[in-house]
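Read-outs throughout are calculated quantities, based only on the coordinates presented, and are distinct from any laboratory measurement. Only a predicted model underlies this, so the values are computations on that prediction, with no experimental measurement involved. Here the Cβ positions follow ideal geometry from the backbone for every residue, glycine too, while neighbour counts run over all protein chains shown.
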Amino acid sequence: MRWRNLRRSRSSFGRWGVRERRSPEPGEFSVPADNDPWAAERSRMVDEQLIARGIDDPELVRAFRTVPRHAFVDSDDPYSDRALAIDAGQTISQPYVVAEMIRAAWPVAGWRGARVLEIGTGSGYSAAILAELGATVTTVERYPELAAAAVERLRTNGYSAVQVVVGDGTLGWPAGAPYDAILVTAAGPIIPPPLQRQLSPEGGNLIMPVGAREHQFLTVLERHGNTFSSQRGDPVVFVPLVGEHGFEG
Ligand code: SAH
């Protein structure tokens, strides 16, 4: 495998550092008309945390407006601008970070019908967003109790097509390969080689926080044939990826 370091040549990545503040025009995005008591909070999250920071792809915005984040996390403030605690000492990522990861991993032909692997199911929220975008999602979680709770939440919220697997996600899930996109939502010291092998050679994108246990950089790997290009993005802090090609537990 040949490595090439493409520094800031991907335009979507180049925008990462930009925190442009732009208020949406009145009526620019419609508020969902339903009787969900959290609808206004969710709409505010999308306007203030995503659109105001330059995340305005209509499909992505629609997915974040649709998926009920409050159903995936036990919190008084489920739409707040931060990561929140879930069971087993794990966290659900800040909405903006979920959106950034999805944006950076955007498949060549879009999300609809894309084969996607997520490592780190956690609450199931990011898997639901990916499913809402039209992707065929397999997600791997190492804690059986988190996986079971996520299956239940995904099912009751209309995302039962998401396949949840219990196991060591550093080994990937070869049965579903190749993947158009792989999102690793836990931090590891390296990009696990099995995940690289399972990435589609036709422009597959993988995103993962890579670095030390305490702090990492979101890193994108793009595959064309057997050529892999990697690029480092924003500094982040994620819970550790624990497994054969991750950190020790
Ligand atoms: N995407 C999740 C957030 C995940 S937090 C959400 O939307 O809620 C990271 C998750 O990765 C945790 O649930 C943790 O248990 C899991 N994890 C850590 N190492 C793992 C591994 N080797 N395989 C699968 N899951 C792992």
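Couple of notes before you dig in:
- For the range 58-152: rounded, prolate or oblate by the Cα gyration tensor [a/c cutoff 1.5]: oblate
- Between the range 55-125 and the range 200-249, the Cα center-to-center distance that results, in Å: 17 Å
- Ranked for footprinting exposure by Cβ neighbours inside 10 Å, fewest first, M208, M45 give M45, M208.
- Built amide H within the under 5 Å cut-off of L199, gap 5+: Y179
- Applying the criteria of a DSSP loop state and at most 16 other Cβ atoms within 10 Å to the GluC sites (Glu not before Pro) of the range 220-249 yields E244, E248.
- Rg/Rh for the chain (Cα atoms only, Rh after Kirkwood) is 0.94.
- Among the trypsin sites (Lys or Arg not before Pro) within the range 66-141, those in coil by DSSP and having at most 11 neighbouring Cβ atoms inside 10 Å are R112.
- Among beta bridges that DSSP assigns inside the chain, antiparallel share in %, nearest 5: 45 percent
- With K and R counted +1 and D and E -1, the other residues having a Cβ less than 13 Å from that of V239 yield a net charge of -1.
- Anisotropy class assigned to the range 102-249 is oblate, per the alpha carbon gyration tensor with a/c at or over the 1.5 cut-off and a/b no larger than b/c.
- Sequence-ordered 3J(HN,Hα) estimates for the range 82-95 from the Karplus curve with 6.51, -1.76 and 1.60 and θ = phi - 60° stand at 7, 6, 10, 6, 10, 6, 6, x, 9, 9, 9, 5, 4, x Hz, glycine and proline given as x.
- Here is the list for the range 26-126: GluC sites (Glu not before Pro) lying in DSSP coil, each with at most 15 other C-beta atoms within 10 angstrom of its C-beta, are E28.
- Cβ-based net charge around E141, under 14 Å, with every Lys or Arg adding one and every Asp or Glu removing one: -3
- For the range 159-174, 3J(HN,Hα) per residue [Karplus equation, 6.51 cos²θ - 1.76 cosθ + 1.60, θ = phi - 60°, Hz, x = Gly/Pro]: 10, 5, 6, 5, 8, 9, 10, 9, x, 8, x, 5, 8, x, 9, x
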